[in-house]
Amino acid sequence: MVTAAAVLQTATRKLSRTESNWIAAVNSGTGITICSILFDRRIPQLEIEGAVEDLLARNPRLRSILVQGEDQFFFETPEQVSDFSISVVDRSSNNTTSHNGEDEEEVELKEELWRVIAEEAMNTPFPSTFPFPVLESKLFLLPESHCLLVLRIHAAAADMASTATVIKQIIGSLHKRLENSVDEVVETLGNGKISNEEEFLPAMEDAIPSGQANKPFWAHGVDMVGYGLGSRRHAYVPFHDPDSPRCSKLISADLKAGATSLLLKECENRGVSLFGAINAAALKAVASLKQVGSRGEHYGTAVLLQCRHLLDPVIPESSVGFYHSCIMRTMHTTETVSFWDLAMQCARDVNEAIKNRKHFTDMGDLNTLMGQAMRFPNLTPNGSLRTTVLSMTFDPVADTVVPEEAEAVGAKNYLSCSSVHGVGPCLGIFSFMRQGSLHFSFVYPSPLLARSQMQNLVDSILFYLSGD
């Protein structure tokens, strides 16, 4: 099999504080990111292996190995892609009946099986001993001659924005390979020649523009106290079972193209960002679920901001790595507040935080608080490790797949999400814009929260966004 030349990369790099924090988070159960592609035909195993090898050749971070040193961690990145074989799992006769009795709706077999497999992938821990690769892959054979490629990626190596690049490159490589154009794959990769900026793949903290992360020492203390006291005001979704071991569960949903178009037009007319609308819909849904009436409650949202374009040097959008920062916001929400008034408040609040560079200045403080929550779970409600009600990306991840390539290889659908059952929110909202339609992966910790409860919450979010 011909494999594209590997992109050269610094052989060893120490993880930044943010990246290192994800080591502990993934160990706790949060940050196991999955990319999955559903094919409406059986793709030959050798072609899948070749496509994954091409992916690794183009992305040094994905072929990295996590290594532990004395009190610190490193990415070790080989110059060449090692030969490997992808594991194949036959689920073509799998019975997808729920084992825990949570699911009440009957859905199409392959969609239900896809959800089950995605949940299994999110809830399978990475190795507990170092070193180990940051990416694992499996090919599942499904009923009706379908197949499913699942890639598990350690959060230290890739953020949610990276998943669009992963899916696009896999489909693009398969397209060329199935067209018997492997030489074209090598040519497309440029024989390992890329820009110096992408070749280095610096840690986010090392690429923050000069002065933008500066904060006086005393301000760190004030903000730490403020975040700590503020979190005591936060209300959460009522816990169903706070004592049993937890796992991540998935609910997929989408807003049809027509409804998405109407939402975007209304946002534009009102001068509200799409983030503001999605955040408001989720907050209103929680307030409605809890029937808080006009008295309201304070809810926390962890906003994940994609920072590649804000760094120096600018990191190309196609670079796979972890370049998300977090902004923590608290919003008082009632059942009676107007949806669009709340959306405007959410949008203005986060825009002001970005204007004040909170995504850079508060990075160290939030890393510290996240670490404290993992070390001392009793600091969180019922030892639940819940730090906010919601976690969501500031912008939906944009689909960059070429439709003609997807159709040619039989890529029927794809899904990305990340586990949240360790430290994290009650509901992780992963949004994607695909061919003019909003798609969502909603992930929650179970049995801390019940599926029926979270399905009602998701239905309510879509209700507000659709304007029904």
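The values are calculated or read from the model by the stated rules, or taken from the named source; none is laboratory data. Fair warning: this is a prediction, and the values are worked out from it, not measured in the lab. With ideal geometry, Cβ positions are generated from the backbone for all residues, glycine too; neighbour counts draw on all protein chains shown.
Each residue in region 318-339 was checked for being under 23 Å from K355 (Cα atoms) and either touching a Lys or Arg at 6+ places or on another chain (Cβ under 6 Å) or outside the structural domain of P396 (by TED's automatic domain parsing) (or both), and 2 pass. Every listed requirement among (1) modelled with pLDDT of 95 or more; (2) touching a strand residue (DSSP E or B) at 6+ places or on another chain (Cβ under 9 Å); (3) buried (at least 21 other Cβ atoms within 10 Å of the Cβ) is met by G172 save one, (2).
Looking only at region 264-300, residues that are outside any helix (DSSP H, G or I) and either exposed (fewer than 14 other Cβ atoms within 10 Å of the Cβ) or free of Cβ contacts under 8 Å to residues at least 40 places away in the same chain (or both) come to 5 in all. Kindly establish whether D468 is modelled with pLDDT under 95, out of contact with any His (no Cβ under 6 Å at 6 or more places or on another chain) and not in a strand (DSSP E or B). Yes, satisfied. Only one entry of D254, D243 meets the criterion of being acidic (D, E), free of Cβ contacts under 8 Å to residues at least 60 places away in the same chain and surrounded by fewer than 19 Cβ atoms within 10 Å (Cβ to Cβ), and that entry is D243.
Restricting N356, N382, N367, N351 to those that are in contact (Cβ under 8 Å) with a residue 12 or more places away in the chain, farther than 27 Å from V292 by Cβ and not assigned by TED's automatic domain parsing to the domain that holds L151 reduces the list to N367. For the residues P447, P396, P377, the requirement of being more than 27 Å from A343 (Cα to Cα), outside the structural domain of V150 (by TED's automatic domain parsing), touching a strand residue (DSSP E or B) at 6+ places or on another chain (Cβ under 9 Å) and surrounded by fewer than 23 Cβ atoms within 10 Å (Cβ to Cβ) singles out P447. Taking first residues from region 435-461 that are among the aliphatic types (A, V, I, L, M) and partners that are assigned to a helix (DSSP H, G or I) and surrounded by fewer than 20 Cβ atoms within 10 Å (Cβ to Cβ), the Cβ contacts under 7 Å between residues at least 6 apart in sequence or on separate chains come to L457/L289. Checked against the criteria, F84 does not count as at pLDDT 95 or above, outside the structural domain of L250 (by TED's automatic domain parsing), surrounded by fewer than 22 Cβ atoms within 10 Å (Cβ to Cβ) and not small (G, A, S).
Number of residues in region 306-328 that are part of a helix (DSSP H, G or I) and in contact (Cβ under 8 Å) with a residue 24 or more places away in the chain equals 2. When the helices (runs of 4 or more DSSP H) confined to region 349-420 are screened for residues that are within 22 Å of the chain's Cα centre (by Cα) and modelled with pLDDT under 95, those reaching at least 1 such residues are found at 358-361, 363-375. Checking the stated criteria, V303 turns out to be buried (at least 22 other Cβ atoms within 10 Å of the Cβ), aliphatic (A, V, I, L, M) and either not assigned by TED's automatic domain parsing to the domain that holds T388 or not in a loop (DSSP other than H, G, I, E, B) (or both).
Being in a loop (DSSP other than H, G, I, E, B) and charged (D, E, K, R) is the filter here; which residues of region 329-348 pass it? Quick ask: steps written out before the conclusion?
The initial filter retains those residues of region 329-348 that are in a loop (DSSP other than H, G, I, E, B), namely 334-338.
Selection gives E335 alone.
Can you tell me which of R357, R386 is of a type outside the set (F, W, Y) and surrounded by fewer than 20 Cβ atoms within 10 Å (Cβ to Cβ)? Every option except R357 fails the conditions.
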